[in-house]
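To start, the structure under review is shown below, and the notes come after it.
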Amino acid sequence: LPLEERLARYVVEGSKDGLIPDLEEALEQYEPLEIINGPLMAGMDEVGRLFNDNQLIVAEVLQSAEVMKASVAFLEPHMETTSTEKKGKILLATVKGDVHDIGKNLVEIILSNNGYEVVNLGIKVPPEQLIEACRREKPDVVGLSGLLVKSAQQMVLTAQDMTAAGLELPILVGGAALTRKFTDNRIAPQYSGPVLYAKDAMNGLELANRLRD
Ligand code: B1M
């Protein structure tokens, strides 16, 4: 198989046998993010499709997630880091009820490689925990991730609770179940500060930079 297909296969099959040498080979031709967003994401999309078709079980999807995480961990030191200047502090969380964290952790890597201080609150973070962390950490931006359809609704509730708590700092939202339309029509009206939708991790960085300017 060509290299790109082999990389996608590791994710689909949840196998790490030969993964690192192939990632090393890929690094000779591609930037780390191109490898993640290209063949590895293609593998994850296939996993999602097979899971949806009942051709994979949760335990197998977890194996795929492990391959993705191992790949990102291997690629991270090869990623470009720009400034050492501190650009601001960002709180990151996967919303209440949702355990998906690969995308959020990728956002963390990209933001911290580009001068942001990131406080990653982890997964299944309820609004009250987020609000408490905002008071404690005094971040410049809050980043919320969610992949389930119900997580999009959870973001609406989180925005409402943050408004009730008197918070106005910008919120950055992302994740497969979200759209810009849902963000603008459903989340933003419930919040007293700006709400921005990021389609991927790089876009998240661009939006964070734009908020600073
Ligand atoms: Co889950 N899962 N999963 N899963 N899983 C999905 C999301 C699903 C679409 C699969 C499917 O059915 N086709 C489906 C959701 C259906 C829906 O709600 N519409 C689903 C389901 C149903 C479930 C369970 C309910 C299954 C079950 O138990 N019966 C369960 C839910 C548990 C829960 O959350 N309470 C579940 C569990 C799991 C695993 C634990 C097995 C595992 C997660 C492991 C982990 O994250 N540690 C898993 C996985 C791996 C997936 C798929 C296959 C892949 C997700 C992923 O990591 N993608 C996923 C299908 C898919 O997306 N193709 C699926 C790679 C990652 C880099 O992309 O996170 O989208 P992503 O991040 C992107 C962008 O979205 C964006 O940037 C990233 C790229 O640069 N982004 C942000 C994300 N967050 C951002 C935040 C930002 C900015 C950008 O700023 C703050």
Revision key, fill the gap. Filtering the range 169-192 for residues that are under 18 Å from ASP98 (Cα atoms) and in a loop (DSSP other than H, G, I, E, B) leaves a count of 5
Revision key, fill the gap. Scanning the range 24-50 for residues that are hydrophobic (A, V, I, L, M, F, W, C) and under 20 Å from the mean Cα position of the chain (by Cα) gives LEU33, ILE35, ILE36, LEU40, MET41, ALA42, MET44, VAL47
Check your understanding: Where residues in the range 182-213 are closer than 29 Å to VAL72 by Cβ and among the charged types (D, E, K, R), which of them is nearest to the ligand (Cβ to nearest atom)?
Key -> ASP200
**Study point:** Which listed residue, of ILE90, ILE110, ILE35, ILE102, is under 30 Å from LEU211 (Cβ atoms), in contact with a Gly (Cβ under 6 Å, 6 or more places away or on another chain) and not aromatic (Phe, Trp, Tyr)
**Key:** ILE90
**Study point:** Top-ranked residue of the range 171-213 - restricted to ones that are of a type in the set (Val, Ile, Thr) and closer than 14 Å to THR158 by Cα, ranked as surrounded by the fewest Cβ atoms within 10 Å (Cβ to Cβ)
**Key:** VAL195
Review point. If only one of ARG212, ARG186 is at pLDDT 95 or above and more than 20 Å from the chain's Cα centre (by Cα), which one is it?
Key: ARG186
Exercise for review: Kindly indicate the residue of the range 29-56 that is near the ligand (Cβ under 9 Å from one of its atoms) and outside any helix (DSSP H, G or I) and also surrounded by the most Cβ atoms within 10 Å (Cβ to Cβ) among those meeting that condition.
Suggested key: LEU56
Review point. What helices (runs of 4 or more DSSP H), lying completely within the range 90-168, carry at least 2 residues that are touching a residue at least 40 places away in the same chain (Cβ under 8 Å), open to solvent by less than 60 Å² (accessible area, probe 1.4 Å) and among the hydroxyl-bearing types (Ser, Thr, Tyr)?
Key: 149-164
Exercise for review: Output the residues belonging to the range 118-167 that are over 30 Å from THR84 (Cα atoms), away from the ligand (no atom under 13 Å from the Cβ) and of a type in the set (S, T, N, Q).
Suggested key: GLN160, THR163
Practice item. May I ask you to say which residue of VAL12, VAL67, VAL61 is closer than 18 Å to LEU148 by Cβ and at pLDDT 95 or above? Key: VAL61
Practice item. Considering every residue within the range 79-86, establish whether at least one is closer than 30 Å to LEU27 by Cβ, more than 10 Å from the ligand (Cβ to nearest atom), touching a residue at least 12 places away in the same chain (Cβ under 8 Å) and open to solvent by less than 40 Å² (accessible area, probe 1.4 Å). Key: yes
Practice item. Check the range 60-67 and report whether any residue there is more than 9 Å from the ligand (Cβ to nearest atom), more than 19 Å from ARG6 (Cβ to Cβ) and without any contact (Cβ under 8 Å) to a residue 60 or more places away in the chain. Key: no
Exercise for review: State which residue pairs qualify: first residue closer than 17 Å to TYR116 by Cα and inside the range 181-210, second residue part of a strand (DSSP E or B) and more than 9 Å from the ligand (Cβ to nearest atom) in any location, beta carbons under 9 Å apart, and separation of 6 or more residues or different chains.
Suggested key: LEU205/TYR116; ALA208/GLY88; ALA208/TYR116
**Study point:** Residues located in the range 1-23, provided they are exposed (fewer than 14 other Cβ atoms within 10 Å of the Cβ) and more than 24 Å from the chain's Cα centre (by Cα)
**Key:** LEU1, PRO2, ASP17, GLY18, PRO21
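The values are calculated or read from the model by the stated rules, or taken from the named source; none is laboratory data. Bear in mind the structure is a predicted one, so any value in this text is a computation, not a measurement. Counting neighbours? That spans all protein chains shown, and the Cβs are built from the backbone with ideal geometry, glycine included. Heavy atoms of the whole protein, side chains included, go into the accessibility calculation; ligands, DNA and RNA do not. Shrake-Rupley method; radii C 1.70, N 1.55, O 1.52, S 1.80 Å.
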